[in-house]
Amino acid sequence: MSLIKYKHVDINKIKLNKYNLLYDNNEFLIQSPIFNNYEIYNYQSKKYIILHFDNFKISHLKFLTLIDSIEILFNNNNNNNNQNNNNNQNNNNQNNNNNQNNFIKTQIITNIQNQKSLKTKLNDDTKIFDRNKSLINKLTSNKIILLLKLNYNHIYYSWTISQILQL
């Protein structure tokens, strides 16, 4: 598995696999920029970190653009699959519901002040490191960098945290 910094990702090299993304035909992790503002919460026995984007940081805007681009890639892929399925249907057996586009559910949250954040999922096997690269049990700093893996399932995707480095 390769590691790619968010600012070095070429969207044209990303391909959809059945359940994840490939970059140059390899599974990969994306390194996020530094986040100073985040929330940890539990929902239905799962843990999440919401990363709040700073609209004045270029690194955050680039990362957000990458996430948006990946969502567009997913939606284009879903639309192409829907068109192919519709073209393959028997003319006598067409159903209007099949003509609807299936858009993926975004993981980008926009609040009423138009501030954006990204929902990421913590697993039991997510590793957390301090600035000395020592393994720790919980976050104690407000500055973090994440290694993210994208899991994909046709109309839904999630960003899963593989590792966290607190600074």
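Only residues that are within 17 Å of the chain's Cα centre (by Cα) and over 14 Å from Leu139 (Cα atoms): list them for segment 35-49, please. Lys46, the sole residue that qualifies. When segment 126-156 is filtered for residues that are open to solvent by 50 Å² or more (accessible area, probe 1.4 Å), of a type in the set (Val, Ile, Thr) and out of contact with any helix residue (DSSP H, G or I) (no Cβ under 8 Å at 6 or more places or on another chain), only Thr140 remains. Answer yes or no: is there a residue in segment 30-53 that is of a type in the set (Ser, Thr, Tyr), assigned to a loop (DSSP other than H, G, I, E, B), touching a Phe, Trp or Tyr at 6+ places or on another chain (Cβ under 9 Å) and modelled with pLDDT under 90. No: segment 30-53 contains no residue that is of a type in the set (Ser, Thr, Tyr), assigned to a loop (DSSP other than H, G, I, E, B), touching a Phe, Trp or Tyr at 6+ places or on another chain (Cβ under 9 Å) and modelled with pLDDT under 90. For beta carbons closer than 6 Å, sequence separation of 6+ or different chains, a first residue in segment 110-135 that is touching a residue at least 40 places away in the same chain (Cβ under 8 Å) and a second that is open to solvent by less than 50 Å² (accessible area, probe 1.4 Å) and small (Gly, Ala, Ser), the qualifying pairs are Lys121/Ser158. Within segment 8-26, the set of residues being in contact (Cβ under 8 Å) with a residue 40 or more places away in the chain and either closer than 22 Å to Ile145 by Cα or β-branched (Val, Ile, Thr) (or both) comprises Val9, Ile11, Ile14, Asn20, Leu21.
The values are calculated or read from the model by the stated rules, or taken from the named source; none is laboratory data. Here the structure is a predicted model, which is why all the values come from computation and not from measurement. FYI the Cβ positions are ideal-geometry reconstructions off the backbone, even for glycines, and counts take in every protein chain you see. Ligands, DNA and RNA are excluded from the accessible area calculation, which covers all protein heavy atoms including side chains. Shrake-Rupley method; radii C 1.70, N 1.55, O 1.52, S 1.80 Å.
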